[in-house]
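Notes follow the structure.
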Amino acid sequence: MKISSKWLLSLAIISIAGMAYASEPVTTLRSTAPDQESAAPRITNFEDNSVKRPRNYPEQPPTIPHDIEGYQIDGNANKCLSCHARSRTGESGAPMVSITHFMDRDGQFLAAVSPRRYFCTQCHVPQKNVKPLVGNEFIDIDQLLPTNSTRIAE
């Protein structure tokens, strides 16, 4: 009796999946098992202030210091640009989007925001003062390297 290669591959995948399932349980951020009801997390307020958070590394996207609930950001409209577009910053007082948002993938500058930079929330997130879900041992570069003033003095 000849066994097809598809049958053997299916059997191998099922065996590997079974061994993985039988080993250690998967750790998650849930407070209960995935098959049980859990209470929804409390919705926290946005910081909603004009204080800009410091950035931890070069080219880090800034966080959004205000609530964006209900903002339309899709292929038809971008509510962010009603304040942050170059032509609107004078009346809104909001900072203009970075000049990098006007570059295409070849580094050529465009007259309008590049389509690849149009969906703001791909990189930018609203500021919230919440406890992190997971621990973080990030060390800022300024703590690792001597400051420029130290190098110049040497």
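The values are calculated or read from the model by the stated rules, or taken from the named source; none is laboratory data. The structure presented is a predicted model; accordingly, all values stated were derived computationally and were not measured. Please note: Cβ atoms are built from the backbone with ideal geometry, for glycine as well, and neighbour counts cover all protein chains shown. Only protein heavy atoms, including side chains, enter the accessible area calculation; ligands, DNA and RNA are left aside. Shrake-Rupley method; radii C 1.70, N 1.55, O 1.52, S 1.80 Å.
What to note about this one:
- Residue among Asp142, Asp104 that is open to solvent by less than 70 Å² (accessible area, probe 1.4 Å) and either acidic (Asp, Glu) or under 18 Å from the mean Cα position of the chain (by Cα) (or both): Asp104
- Restricting Pro126, Pro58, Pro115 to residues that are open to solvent by 80 Å² or more (accessible area, probe 1.4 Å), in contact with an Asp or Glu (Cβ under 9 Å, 6 or more places away or on another chain) and at pLDDT below 95 narrows the list to Pro115.
- Residue pairs whose Cβ atoms lie under 6 Å apart, sitting 6 or more positions apart in sequence or on different chains, and linking a residue in the range 57-76 that is among the polar types (S, T, N, Q) to a partner that is surrounded by 14 or more Cβ atoms within 10 Å (Cβ to Cβ), are Thr63/Gln127; Gln72/Lys79.
- Qualifying residue in the range 64-83 (condition: among the acidic types (Asp, Glu), surrounded by 11 or more Cβ atoms within 10 Å (Cβ to Cβ), under 20 Å from the mean Cα position of the chain (by Cα) and part of a loop (DSSP other than H, G, I, E, B)): yes
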